[in-house]
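All remarks here apply to the structure that follows.
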Amino acid sequence: MSVRSLPWPAAVARHSVLIVTAALMLLPFVWMLSLSVKGPGEMFRSGFALLPAHFHGLDNYRAALTAAPLPRFLLNGVLVCGSIAILQLLLCAPCAYALAKLQFKGRGALFALVLLGLIIPQQVLALPLFFIGYRLGLLDSYVGLIFPFVISPFGIFLLRQFFRGIPDDIVHAARLDGVSELGIVWRIMAPMAQPAIIAFLIFSVVSHWNDLFWPLIAVRSESLMPPALGIVTFRDAEAGTDYGPLMAGAVLVVAPLVLAFLLAQRRFIESLTLGGVK
Amino acid sequence: MASIALDRIAKVFTRPDGSPTRVLDELTLQVAAGEFLTLLGPSGCGKSTLIRIIAGLEPQSAGSVSIGGQCVDGRHPRQRDVAMVFQSYALYPHMTVEANLALPLVMRRLTALQRAPWIGRWMPGYRRVRETIDRDVREVAGALELTHLLERKPGQLSGGQRQRVALARAMVRQPSVFLMDEPLSNLDAKLRTQMRAEITALHRRLRTTFVYVTHDQTEAMTMSDRVAVMFDGRIEQIGPPTELYARPATRRVAEFIGTPQINSIDGIVRSASTIEVAGAVLPIGTCLPTGSVVTVGLRPESLTPVERAGATVLLGRVQRIEHMGADSYVYFHVLGQARALVLRTSAARAAGLQPEMVFHVATSLDQVLLFDSQGRAIDSVVPQIASVRSFR
Amino acid sequence: MTTDAQATSMEHASQSSHGWLLAGPAAFALLALIILPALSVFFVALTDWQFGARTFSYVGLENYHELFADPDFYKSLRNTFVYVLIVVPGTVLTGLAIALLVESDRTLRTFYRAAHFLPFMATLAAMAVAWEALLHPTIGLLNQALSDLGLPTANWLRDPSTVLVTLAVIAIWKNLGFAMVLFMAGLKAIPRDLYDAADVDGAVGATDRLRTVTLPMLGPTMLFVVIVTALRALETFDTVNILTQGGPARASEMLLYTLYVESFGYLQAGRGAAITVVFLIIVVLLTLLQMRVMDRRVHYS
């Protein structure tokens, strides 16, 4: 808002408010970390020390990694999110290119369908998709976790916008150079649209890593559960108040995205705001 | 090297409001093998659409295109053996210069399997073909002095360098036809002059058919074997540059070619051998009836300030003078003409002139052009003795 | 003229085949996985179908009649609206305030932005587990702190009078950073000379500048953030499912959770579909409103 820096009383006021709100925002994370290294006895002690009297972290994390199939959950997350992201890109990029650069009958209608798909929230589709999955025998499998998301209207929309900004001459030059239409998508357009593609991939991976709704419907076997569903199942199994291993598990589920976020803050923020704007 | 034949090419676009616009109108054109033909015209005349139709980038609405004697209608651009240089250069920004130059060869010489990412390089024959590609790329890069830029990306190059890479990319696969769509219009004046010479030299060396689109008459006049002047989707006149200049078929062609622009003033046929222009009676004969109105075209360099009055001399009042160095442009008013005329003469001859001065202007009669009321050129008969050549 | 028509149809044919070859797979998936399923929901809502049943019959609007005669569904709808009415102003106002504070100076800007944005992208299912520990009636940090300060404590997630507000606070915590980032983008888009003009016109203090320039110029962003936040609040499911299961006594049951329980808990497909339709209509209305706002934003910029 302002080029000059604030006078010092205002600066102090700014920091005192923001430090407090930032602390409140981070409190659940801090508390989760703190509990994940505390022993069972210490939870009940009154007073709130951040650091444990006795470091129980190793036991808790070992319990989280062995008692519950947590590594399996994380692996499932990587597998499912990776497959979804790749399949979405494989389907969306050619379609976005066709919508952006080719003349064909029905293009307008197809784009209208994409926009319609953009409006429909995923939860609305749960019931029919559950039925489709059930009839095709896809439930309780990796395919069942992946198939509803292979198409992303948002991905088509985003890439189409970006492809439209690429000059037609580049496409023409590529055709003259002998590149096929599919070749233009992958050799020319996709590399040029790299920022948009990375933004879309971040958006896709974050959404599906965090998704609980569909996995809850589609999967029963513990061995197939992605991280969000896994941690919930872990909690239900760990009845009682031995928070240590549970919190260690939660930390492990949250950590990959948070670390990635801290490494590439700007990219993540841009990508996730794009997603909200969809 | 191949000839091009365009037979009654038409192109109709549909406007957003649904009404059709005719961009090209039954256009017929032959380009000889090895010829440098320029399509010259103002923006919107259809010249870029025409070159894109030749390339196969846009389908024509009617008519047919032949390249090297073969009809190529409906053929994909890559099957037409043509290369194109674009105004925007259209280099692939994510690839190095080397990759840009190699792409046309990679797409043609390597099989789909050999082009596949990661595994392609392990396919049989890959290395041998790749070597021929690298050799050809280096050869072209050497010819256009790009060798030291091969590792750069287009974003790191100057305008002139990008232009050269675009030329090299078109050359590398030795197409039978070169198409160039305003390739120099994004360069500054000095670089443009230099690239003009380079493209001309390139044509002389390759002896390939060039079709060159421009709105810049200097490019057209200096580089081409023949120029086709286009207006409103039609070819108004086609011929060697000198002919277009000396014998324009229409007033529009005469006005489009030549700097400064030709002076067009109304004249009246007074007799079978005289025309009255701006108060003077010039001894020019036409076959039009007495009293007809004609447009008289006077090239600025066919007008000369002279000392004394005479039969072929107009009376002018100087409006302003532009000194261009060796030459000067003198703008002046003549009787009965609202718009100022311009003449081009040596700085020495213009030295005595000042604004508001009244002076005599001689016309060299054999360079006078006549157009009828429809703007078509009409023949004139000039008596030999009246020639002003002696004044020069 | 026949040649004209032929040429035109020819060019259409060649471009069309390319276009559909490339767009075809996506178009098929779009139809099969989104458009047709969405349409089928409207149809299923008119039947008494249950998952697993071999037959079903057409019951017209029976499902909707039942739904709107059901006090439990009303409760769920009412909870949803109350919740949205808490979450939206809470998120938007705090988001705006924090965006203004963060942007007003440069020091620690990146840190503050990251700290406030972090909850938005962290896995909510896992964070809900952490919140449960924070809110635990006896050993939770919140109640310990309150009792140490001599303040009254509560069983936040088990008390019907506090549960909805508690969930709303978690939603505000989650979405605050998102609103903040959108506001920060809106703030960046305000032309600097407007502030100079305000200075010249005598708007000296920070509050003057805020009132005369910043807030009016943020109007479109504000509207946009309100709708996006409302949409996100409507789609709340994870916290309800993990922390309360709609309880106690349906005090925290919300639309999406009802939809889930009816469809996949009781396998009442027809009834679930009717709820889905209600949900869809609300979301679509809000989204259309959002698109209108976006259109306007595009025009203004």
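The values are calculated or read from the model by the stated rules, or taken from the named source; none is laboratory data. Keep in mind that what you see is a predicted model, and the values were worked out from it rather than measured. Virtual Cβ from ideal backbone geometry, glycine too; neighbours counted across all protein chains shown. Ligands, DNA and RNA are excluded from the accessible area calculation, which covers all protein heavy atoms including side chains. Shrake-Rupley method; radii C 1.70, N 1.55, O 1.52, S 1.80 Å.
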Note: probe point = Cα of A:Leu259 + 7 Å toward Cβ; backbone nitrogen < 14 Å; residues of the range A:187-222 passing the test are none
Rounded to the nearest 10 Å², the accessible area of B:Glu35 using a 1.4 Å probe with every protein chain kept is 20 Å²
Could you work out how far apart the two model spin labels at B:Ala33 and C:Leu149 are, taking each label as a point 7 Å from the Cα in the direction of the beta carbon, and quote it in nm? 9.3 nm
Could you pull out the trypsin sites (Lys or Arg not before Pro) across the range C:106-167 that fall in loop regions by DSSP (anything but H, G, I, E, B) with no more than 12 other Cβ atoms inside 10 Å? C:Arg106
Number of partner chain Cβ atoms within 10 Å, mean per residue of A:98-106: 6
Report the one residue of A:Gly39, A:Ala190, A:Val80 whose Cα lies farthest in the direction of the positive end of the charge dipole of chain A (charges on C-beta: Lys and Arg +1, Asp and Glu -1; origin at the Cα centre). A:Ala190
Please report the carbon-and-sulfur percent of the accessible area for chain C; probe 1.4 Å, protein heavy atoms only, DNA, RNA and ligands left out. 67 percent
Take each complete run of DSSP H in chain C, measure how far its Cα atoms stretch along the helix's own axis, and keep only those covering 24 Å or more with mean Kyte-Doolittle hydropathy at least -1.0; list them. C:2-30, C:71-103, C:163-188, C:269-300
For the range B:277-387, with the dipole built from +1 on Lys and Arg beta-carbon atoms and -1 on Asp and Glu ones, taken about the Cα centre, which of B:Leu303, B:Thr363, B:Ile321 lies farthest toward the positive end? B:Ile321
24 Å Cα-Cα reach of A:Lys101 towards lysines, excluding residues that sit fewer than 8 places from it in its own chain: A:Lys278, B:Lys11, B:Lys47
Could you state how much accessible area A:Lys105 has, in square angstrom rounded to the nearest 10, with a 1.4 Å probe and all protein chains kept in place? 140 Å²
Per residue accessible area of chain C, 1.4 Å probe, in Å²: 44 Å²
From the backbone phi of the range B:143-156, what are the Karplus-calculated ³J(HN,Hα) couplings (6.51 cos²θ - 1.76 cosθ + 1.60, θ = phi - 60°) in whole Hz, Gly and Pro given as x? 4, 9, 6, 10, 4, 6, 9, 4, 8, 7, 9, x, x, 9
Choice from A:Leu65, A:Leu125, A:Leu212 showing the highest fluctuation, given a GNM over chain A with Cα pairs closer than 10 Å: A:Leu125
Run the dipole for chain B about the Cα centre, Lys and Arg Cβ at +1, Asp and Glu Cβ at -1, nothing else charged, and hand back the magnitude in debye, nearest 20. 1280 debye
Go ahead and run the numbers for FRET between B:Ala348 and B:Asp188, Cβ-Cβ distance against an R0 of 30 Å, rounding to 0.05. 0.45
So if I place +1 on the C-beta of Lys and Arg and -1 on the C-beta of Asp and Glu, and nothing else carries charge, what would the dipole magnitude of the range B:193-280 be about its Cα centre? I want it in debye, nearest 20. 340 debye
Cut-off 15 Å between beta-carbons: net charge of the residues surrounding C:Ala27, Lys and Arg +1, Asp and Glu -1: +3
Residue-wise HN-Hα coupling along the range B:223-235, computed from phi with Karplus coefficients 6.51, -1.76, 1.60 (Hz; x: Gly, Pro): 9, 8, 6, 9, 10, 10, 8, 10, 9, 6, x, 10, 8
Per DSSP H run of n ≥ 4, the term is -39500 (n - 2.57); total these for chain A, divide by its residue number, and report the mean residue ellipticity at 222 nm rounded to 500 deg cm²/dmol. -22500 deg cm²/dmol
Give, rounded to the nearest 20 debye, the magnitude of the charge dipole that chain C has about its Cα centre when Lys and Arg contribute +1 at Cβ and Asp and Glu contribute -1 at Cβ. 320 debye
State the answer as a single residue: which of C:Ala130, A:Ala218, C:Tyr195 lies farthest towards the positive end of the charge dipole of the protein assembly as shown, with beta carbon charges of +1 for Lys and Arg and -1 for Asp and Glu, about the Cα centre. C:Tyr195
Which whole-Hz couplings ³J(HN,Hα) result when phi for each residue of the range A:25-33 is put into the Karplus expression 6.51 cos²θ - 1.76 cosθ + 1.60, θ = phi - 60°, listed in order with x for Gly and Pro? 4, 8, 3, x, 5, 5, 4, 4, 4
Rounded to the nearest 100 Å², what's the accessible area chains C and A bury against each other, both chains counted, probe 1.4 Å? 8700 Å²
